[in-house]
Amino acid sequence: VTSDISNVEETGLQIEEQTVLASNNAFFDLEESAKVINISKESINLINDFISGKSWNEKLVGDLISGNTNSLSYFSNASRKTTLVDPTLSDLSKINTDTVLPPLNGWRNISKISTLKALSLSKKGLHKEAMEESLKSIRVGQLIMDSTQTVIGHLVGHAIKSQGLDSIDKILVSSNLNKVDSQKYVTELNKLHDSGNGLKKSYIVEYNVRN
């Protein structure tokens, strides 16, 4: 695209190289979570139906949750971190159209299991625990959106965050949260407001991949 245009002004089309300790990087928790996730292809449609409210089977939901204890633990760890850096995209000068990026389906799928857990907790009347579980997807989704990602990666983060927000809407319909708890969650959600900077960075990534 821009390679056909001479003297392209590239000011603002670069992102400073990022470094962060692996122990502080949510990326590695999500990758570990994806490695140990236990979901069959056949169960994906069922999971989507459970989340949307089209159907519900507490036994199957319970099996999906218990079968992914380790994966959920890594997902929880990721949600507690404040930084996500994909090592492949940490230095944009080293990427091009042949760069192999990690698949993000596993990240989306474990967020779905986390959402199932939140909805299951809510159905059992454990509304505070359900809210905390839903917040994990919102935090992780926003972490991905704020990080240096491709446009597709950014959209995956948006989908994960939106799923968490949708589950909170469902929980609140039947919750018995008091005013203090409700205000606490409002404050938390306000902190997770999207500034739009991540989307801008994703376009910069796409530019660098192609030039």
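The values are calculated or read from the model by the stated rules, or taken from the named source; none is laboratory data. Just so we're clear, the structure is a prediction, and the values are computed from it rather than from any experiment. So basically every Cβ, Gly included, is an ideal-geometry build from the backbone, and we count neighbours across all protein chains shown. The protein model used for the area step is the full one, side chains on, heavy atoms only, and it has no ligands, DNA or RNA in it. Shrake-Rupley method; radii C 1.70, N 1.55, O 1.52, S 1.80 Å.
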Going by the conditions given, is K112 out of contact with any His (no Cβ under 7 Å at 6 or more places or on another chain) and at pLDDT 95 or above? yes
Write out, first by first residue and then by second, each pair whose Cβ atoms fall under 7 Å of each other, whose residues are 6+ apart or on separate chains, and whose first residue, in the stretch 164-189, is closer than 11 Å to H127 by Cα while the second is open to solvent by 80 Å² or more (accessible area, probe 1.4 Å) and aliphatic (A, V, I, L, M). none
Consider the stretch 165-209. How many of its residues are closer than 30 Å to D91 by Cβ and not in a loop (DSSP other than H, G, I, E, B)? 14
Filter result for L72 (under 17 Å from the mean Cα position of the chain (by Cα) and farther than 28 Å from K191 by Cα): no
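To keep it simple, each residue is scored yes or no on (1) touching a Leu at 6+ places or on another chain (Cβ under 9 Å); (2) open to solvent by less than 10 Å² (accessible area, probe 1.4 Å).
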{"position": "K123", "(1), (2)": "no, no"}
{"position": "M131", "(1), (2)": "yes, yes"}
{"position": "I138", "(1), (2)": "yes, yes"}
{"position": "Q142", "(1), (2)": "yes, yes"}
{"position": "D146", "(1), (2)": "yes, no"}
{"position": "T150", "(1), (2)": "yes, no"}
{"position": "V156", "(1), (2)": "yes, no"}
Residues of the stretch 179-200 being open to solvent by less than 80 Å² (accessible area, probe 1.4 Å) and within 16 Å of E132 (Cα to Cα), in sequence order, are D181, S182, Y185, V186, T187, E188, L189, L192
Index of the failed condition, V1 passing every other in (1) at pLDDT 95 or above; (2) open to solvent by 40 Å² or more (accessible area, probe 1.4 Å); (3) hydrophobic (A, V, I, L, M, F, W, C): (1)
Which of the numbered conditions does V20 fail, given that it passes all the others? Conditions: (1) open to solvent by 30 Å² or more (accessible area, probe 1.4 Å); (2) out of contact with any strand residue (DSSP E or B) (no Cβ under 9 Å at 6 or more places or on another chain); (3) of a type in the set (A, V, I, L, M). (2)
